[in-house]
Every structure is written in C-alpha cells, then in structure tokens.
Amino acid sequence: MSSFYEDRIFPVILDVALRKLAPDRQRVVNNLRGKVLEIGVGTGANLPHYHPDVEVVGIEPGAAMLSKAQQRADRLTKERSTKAPVPKVTLQQASAEALPFADQSFDQVLMFLVLCTIPDSRRAVAEAVRVLKPGGEMHFFEHVRSPDAGVALWQDRINPLWRKFACGCHLNRLTHGLLKEHGLQVVMHEQGYHPAMGLKVASYVVQGVATKPAG
Ligand SMILES: C[S@@+](CC[C@H](N)C(=O)[O-])C[C@H]1O[C@@H](n2cnc3c(N)ncnc32)[C@H](O)[C@@H]1O
C-alpha cells in the first residue's frame with residue numbers, strides 16, 4: 001500500500017526537481033512518432049511535448065501519479081484542442097514488468113527516468129522489447145552509475161537512503177548495459193553529468209535510442 005509521502009509529497013518534489021528538464025523532454029519526446037508506449041509516465045511531465053500525430057499509451061503503477069498525469073492530459077486537451085491539434089493519449093495503471101499489451105504492438109517505447117526506479121528493470125526491458133515491432137525503437141533518458149570510481153563509490157554509499165527518499169530510485173544502475181543484454185542496438189546521443197540534475201551522484205545521464213533488430 002502506498003504512503004502519504006508517496007502519494008502526496010513525492011510527486012510534488014519530482015515535478016519541482018525535474019522542472020529544468022523541459023528542454024530535454026522537448027528534444028527527446030518531440031521526435032517520437034507512430035504508436036508510442038511511455039513507461040512510468042509519473043505526473044505526465046512528458047505529455048505536453050508529444051507531436052500531435054503521435055498516439056500515446058502511458059502506463060504507471062502508482063494511482064496518485066496516474067491521476068495527476070490524467071489531469072494533465074485532460075488540461076492539455078482542453079487548452080489546446082481549440083487552438084492546435086493534440087495527440088491521442090490513453091493512460092492506464094500497469095507495471096513495466098508485466099505489460100498488458102500484445103507482442104509487437106508499438107512503434108516506439110519511451111523510458112524517461114524510469115529504469116532507475118522499476119523494481120525489476122531487466123524484466124521491464126524484456127517486456128519493452130516484446131511489445132516493440134521489429135525495427136522499433138526504445139528512446140531513453142536515464143540517470144545511471146557514474147563511470148568515475150569516486151562518484152560511483154558515493155552512489156553505492158548513499159543508495160540505500162536515496163531509495164527510501166526517492167521512492168525506489170537507484171543511483172547506481174548500469175542501464176545501458178541492460179539494453180545491450182537484450183540484443184538492442186544502442187546508439188548513445190549524449191552521456192555525462194547533466195547540469196540541471198543537481199548533485200553529481202544523481203546526474204550522470206545517458207540518452208539515446210536502442211533499436212530492436214528488424215529480422
Ligand atoms: C523518477 S519518476 C519519473 C517519472 C516520469 N517518467 C518523468 O519523466 O517525470 C519514476 C517513475 O517510475 C515509476 N515506476 C515505478 N515502478 C514502476 C514499474 N514497476 N513500472 C512502471 N513504472 C514504474 C514511478 O511510479 C515513477 O512515476
């Protein structure tokens with residue numbers, strides 16, 4: 001059962017802490033096309049950045065987060081539909097480790113700061129690969145274990161406390177290694193400490209595209 005902190009306080013902290021990532025969200029999300037699955041939509045911070053031609057399906061296990069995301073989606077439809085077209089957005093309560101979708105049903109998958117938090121991130125990647133069409137793309141923006149030994153040591157030390165404060169988020173996961181393990185062809189667009197993500201222990205970001213082989 002979720003707590004008051006998880007339902008009421010953490011979503012607000014998340015929105016405030018990640019506010020400066022709007023340009024990154026725009027850059028990553030506005031490029032997506034076709035039928036897109038967003039894993040762990042949180043409060044829906046990526047929703048305003050989708051191209052109107054996209055069909056978005058978002059999943060999120062947390063009921064409080066999902067309700068905030070739905071409110072944001074409804075607001076966007078209301079505000080924009082008179083002025084400009086909006087993408088079709090469907091949000092659903094589900095976990096990345098057991099996606100309620102058929103094999104090969106999405107053109108693209110978005111993982112934006114979620115593989116740090118999903119309890120079984122290996123299973124989540126396997127599920128994302130399953131629902132992607134051959135040649136489909138997983139777009140990712142994730143904070144990961146630093147390649148600098150000194151920073152990584154602090155990530156390991158702080159991780160147990162951080163996980164409690166940040167609702168399950170790990171500072172020290174090697175997410176990009178996980179993508180390669182599942183046979184995806186990974187093209188890294190950027191990696192390094194992100195100036196808008198604050199502390200060095202939480203700001204080593206990898207961003208890129210992992211493609212499912214076509215055949
Ligand atoms: C750091 S937040 C990021 C939220 C959002 N993607 C964003 O960019 O603002 C991590 C998200 O992963 C979600 N999450 C946790 N466990 C999950 C799971 N098993 N499957 C899918 N999402 C999960 C959390 O509920 C939370 O919304």
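Here are the numbers for this structure:
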item	result
Hey, ALA126 in a helix (DSSP H, G or I), within 12 Å of the ligand (Cβ to nearest atom), among the small types (Gly, Ala, Ser) and at pLDDT 95 or above or not	no
Flag if ARG163 is within 15 Å of the ligand (Cβ to nearest atom) and surrounded by 13 or more Cβ atoms within 10 Å (Cβ to Cβ)	yes
The one condition in (1) within 12 Å of the ligand (Cβ to nearest atom); (2) surrounded by fewer than 16 Cβ atoms within 10 Å (Cβ to Cβ) that PRO85 fails to fulfil	(1)
Qualifying residue in region 107-115 (condition: buried (at least 22 other Cβ atoms within 10 Å of the Cβ), among the β-branched types (Val, Ile, Thr), touching a strand residue (DSSP E or B) at 6+ places or on another chain (Cβ under 9 Å) and in a strand (DSSP E or B))	yes
Options GLY183, GLY198; residue that is at pLDDT below 95 and within 16 Å of the ligand (Cβ to nearest atom)	GLY198
Of residues in region 88-99 being free of Cβ contacts under 8 Å to residues at least 40 places away in the same chain and over 25 Å from LEU174 (Cβ atoms), the one surrounded by the most Cβ atoms within 10 Å (Cβ to Cβ)	ALA94
Tally, over region 148-178, of residues that are at positive phi and in contact (Cβ under 8 Å) with a residue 60 or more places away in the chain	1
Subset of region 1-23 [of a type outside the set (Ser, Thr, Tyr), under 23 Å from PHE165 (Cβ atoms) and surrounded by 12 or more Cβ atoms within 10 Å (Cβ to Cβ)]	GLU6, ASP7, ILE9, PHE10, PRO11, ILE13, LEU14, ASP15, ALA17, LEU18, LYS20, LEU21
Count of region 100-114 residues which are near the ligand (Cβ under 9 Å from one of its atoms) and in contact with a helix residue (DSSP H, G or I) (Cβ under 8 Å, 6 or more places away or on another chain)	4
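This table checks each residue for (1) in contact with a Cys (Cβ under 6 Å, 6 or more places away or on another chain); (2) assigned to a strand (DSSP E or B); (3) within 23 Å of SER95 (Cα to Cα).
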{"position": "GLY150", "(1), (2), (3)": "no, no, no"}
{"position": "GLY168", "(1), (2), (3)": "no, no, yes"}
{"position": "LEU178", "(1), (2), (3)": "no, no, yes"}
{"position": "GLY183", "(1), (2), (3)": "no, no, yes"}
{"position": "ALA210", "(1), (2), (3)": "no, yes, yes"}
{"position": "GLY215", "(1), (2), (3)": "no, no, no"}
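The values are calculated or read from the model by the stated rules, or taken from the named source; none is laboratory data. Everything quoted here is computed from the prediction, not taken from an experiment. Here the Cβ is made from the backbone with ideal geometry for all residues, glycine too, and neighbour counts use every protein chain on show.
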